Amino acid sequence: MNEKLNINQWAEEDRPREKMATQGAEALSSAELLAILIGSGSTKESAVDLMKRILADCNNSLNTLGKKSIHDLCQYNGVGEAKAITILAACELGKRRQMETPEERPDLGTATRIYNHMHPVMQDLDVEEFWVLLLNQQYRLIKKLRIARGGITATTVDIRLIIREAVLCNATQLVACHNHPSGGITPSKQDDELTISIMNACKLMDIHFADHVIVTDGHYYSYHEQGKC
């Protein structure tokens, strides 16, 4: 007699959570995604098999599933009120996402746009902060993050962290940005050295180093506009 395998006895590539972590959400079926949410099935079937059965009763339509009531879902062995609410909450989130307008990513293709984007962040700082802006091929912002605060030099900025974040975000372009609380926009020797270090690291990883912008309250300095990068 064949015993049913528990989900933690499956091959790792067949487990929904592990599969999502290694292959991405798009590789999972709707049943597998829902199985991750409910966590477990019953003594007779796995979470994946349970969700396959429920979806089959909905003609494999998530839209139909979302129209089910908590009571409807609780008729299935292995689904209690908490799991039913989780399933319907996921359907509602999917519906709300579909209704939303995609978030517009700012275009940071010029030093002026970079300055206008970062000036509100930096205008009142009394110490130096170093930020990187990770961009796609169209100069649209993917992510911005603060790398260091106070005494910005090539030794205090972790360039490995910058490159790691750029790779993880699939960024094709990178902008460095820091402020001068004193109000002077002339770059220091340390600023120049840091710029060169980041530029060289970007070249190694085939990432375009678009600019390094120094921000003050009302003015900016752009390495790109000055022909230095």
Query raised in the report: Since residue 82 meets every condition but one in (1) buried (at least 16 other Cβ atoms within 10 Å of the Cβ); (2) more than 18 Å from the chain's Cα centre (by Cα); (3) among the aliphatic types (A, V, I, L, M), which condition does it not meet?
Result: (1)
**Report entry** Selection from the range 123-133 of residues that are under 23 Å from the mean Cα position of the chain (by Cα) and of a type outside the set (D, E, K, R)
**Finding:** 130, 131, 132, 133
Query raised in the report: How about the range 26-50: which of its residues are among the small types (Gly, Ala, Ser) and either not in a helix (DSSP H, G or I) or not assigned by TED's automatic domain parsing to the domain that holds residue 90 (or both)?
Result: 29, 39, 40, 41, 42, 46
**Report entry** Residue in the range 206-223 that is surrounded by the most Cβ atoms within 10 Å (Cβ to Cβ), counting only those that are acidic (Asp, Glu) and touching a residue at least 12 places away in the same chain (Cβ under 8 Å)
**Finding:** 211
Report summary line: Those residues of the range 34-52 which are surrounded by 16 or more Cβ atoms within 10 Å (Cβ to Cβ), under 15 Å from residue 19 (Cα atoms) and in contact (Cβ under 8 Å) with a residue 40 or more places away in the chain amount to 34, 47, 48
**Report entry** Lone unmet requirement of (1) at pLDDT 95 or above; (2) buried (at least 18 other Cβ atoms within 10 Å of the Cβ); (3) closer than 30 Å to residue 226 by Cβ; (4) hydrophobic (A, V, I, L, M, F, W, C) for residue 142
**Finding:** (2)
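The values are calculated or read from the model by the stated rules, or taken from the named source; none is laboratory data. Note that the structure is a prediction, hence the values are computed from the model and not measured. Reconstructed Cβ throughout: ideal geometry from the backbone, glycine too, with neighbour counts over all protein chains shown.
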